[in-house]
Amino acid sequence: MMVVGSFCSLVHGAATPLMLLVYGMMTNTFVEYEVEILELTDPNKTCINNTISWMNGSAVQRPDNTTIYCGVDIEAEMTNFALYYIGIGVGVLILSFFQITFWVSAAARQIQRIRKTYFRKIMRMEIGWFDCNSVGELNTRMSDDINKINNAIADQVSIFIERISTFIFGFMVGFIGGWKLTLVVIAVSPLLGLAAGLMAMAVARLTGRELKAYAKAGAVADEVLSSIRTVAAFGGEHKEAERYFIKCKNLFTSAFE
């Protein structure tokens with residue numbers, strides 16, 4: 001399922017540069033049609049064999065010694081481009097559906113397997129290990145941490161593959177359409193990659209701290225709620241609430257430590 005989903009992501013990613021390529025072709029058609037109209041406003045010029053020529057039969061040339069084409073059927077050309085866009089849109093709709101469906105289904109299976117393995121490993125621990133690790137913290141990690149994994153490997157992986165495909169095919173289209181400008185973009189690409197890498201490292205570090213803080217806060221909540229009668233008997237509601245608020249406050253302060 002992941003292989004098929006990855007293939008759909010690759011093709012889906014190539015659709016964006018393809019749409020830009022079609023857009024460029026459509027823009028060139030508009031320009032050629034406008035040039036044709038402007039040139040034919042001169043009574044000394046006419047269209048002969050799809051080439052704008054003088055009345056004496058010699059072809060009209062641009063400053064770069066190229067001829068000017070004419071006879072553009074703008075309605076037929078725009079109809080073709082509309083069909084291209086419809087085809088690309090339908091293809092993207094189908095590919096994106098299978099892309100997300102396969103990866104989300106695969107992620108659900110992986111998460112189910114992780115939960116079973118995690119619970120099986122906990123059950124094999126010695127009694128002394130539970131004295132050093134709060135049950136509430138274990139429950140929080142089983143729910144929050146695994147949900148984080150699910151969010152990371154579900155649709156995010158397919159979107160990442162799609163973006164990589166767009167990046168690669170975009171450069172391919174760029175080299176075909178204008179290699180000089182593409183080389184200029186490649187010159188600054190290492191800086192963009194470095195910035196993205198630093199941001200990813202920072203996000204990973206902050207996410208790890210966030211998960212630890214959530215686990216500690218969840219442990220406090222589970223401890224208090226499981227012994228709420230004892231806490232109420234000794235009037236410790238306010239104290240326990242303050243202790244929980246301090247743990248929650250660490251969610252924000254730990255990110256800047």
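Computed from the coordinates by the stated procedures, all read-outs in this text should not be read as laboratory data. Keep in mind that this is a model prediction, so the values were computed, not measured. Heads up, the Cβs are rebuilt from the backbone with ideal geometry, glycines too, and the neighbour counts pull from every protein chain shown.
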task = With springs only between Cα atoms under 10 Å apart, run a GNM on the chain and tell me which of 60, 104, 11 wobbles the most.
result = 60
inquiry  = Students often forget the sequence filter, so: which aspartates and glutamates lie under 20 Å Cα-Cα from residue 121 once same-chain residues fewer than 8 apart are removed?
reply    = 131, 137, 144, 145
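Which whole-number percentage describes the relative contact order of the chain, with Cα contacts under 8 Å and a sequence gap of 6 or more?
Values: 208 pairs, mean separation 65.0, N = 257.
Across the chain, relative contact order equals 25 percent.
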key: Top of 222, 145, 42 by mean-square fluctuation, Gaussian network on the chain, Cα under 10 Å   = 42
request  = Using θ = phi - 60° and the Karplus relation 6.51 cos²θ - 1.76 cosθ + 1.60, list the HN-Hα couplings for the stretch 181-193 in order, rounded to whole Hz, with x at every Gly or Pro.
outcome  = 5, 5, 5, 5, 5, 5, 4, 9, 4, x, 5, 5, x
inquiry  = Sort 68, 88 by Cβ crowding within 10 Å, fewest neighbours at the top.
reply    = 88, 68
request  = Give, in whole angstrom and from largest to smallest, the semi-axes √(5λ) of the equivalent ellipsoid of the stretch 1-145, with λ running over the eigenvalues of the Cα gyration tensor.
outcome  = 68, 14, 10
query = Once amide H atoms are built 1.01 Å from N in the peptide plane, which residues 5 or more positions from residue 51, or in another chain, come under 5 Å H to H?
reply = 70
query = Which distance in nm do the two modelled labels at residue 199 and residue 85 give, with both placed 7 Å along the Cα-to-Cβ direction?
reply = 2.9
Extension reserve of the residue 20-residue 46 stretch, reckoned as 0.36 nm per residue once the Cα distance is removed = 6.0 nm
ask   = Listed here are the pairs 148/247; 116/249; 212/239; which of them are more than 29 Å apart at the Cα?
value = 116/249
query = Using θ = phi - 60° and the Karplus form 6.51 cos²θ - 1.76 cosθ + 1.60, what ³J(HN,Hα) does each residue of the stretch 165-174 get, whole Hz, x for Gly and Pro?
reply = 4, 4, 4, 5, 5, x, 5, 4, 5, x
ask   = In whole Å, what are the Cα extents of the stretch 180-257 along the three principal axes, biggest one first?
value = 78, 18, 15
query = If one puts a single equal scatterer on every Cα of the stretch 114-156 and applies the Debye formula without solvent, what log₁₀ I(q)/I(0) results at q = 0.34 Å⁻¹?
reply = -1.17
inquiry  = Can you tell me what percent of all Cα-Cα pairs in the stretch 1-86 are more than 19 Å apart?
reply    = 55
ask   = Quick one: if you stick a label point 7 Å off each Cα along the C-beta vector at residue 117 and residue 152, how many nm between them?
value = 1.3
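For 79, 51, what ranking results if the residue with the fewest other Cβ atoms within 10 Å of its Cβ goes first? Please report the intermediate quantities before stating the final value.
Details: 79 11, 51 14.
Neighbour counts put them in this order, fewest first: 79, 51.
Give, to the nearest whole percent, the P(r) tail of the chain beyond 23 angstrom, counting all Cα pairs.
73
For the chain, what is the charge dipole size about the Cα centre, in debye to the nearest 20, if Lys and Arg each add +1 at the Cβ and Asp and Glu each add -1 at the Cβ?
Details: 22 positive and 23 negative charges, 353 e Å.
Value, rounded to 20: 1700 debye.
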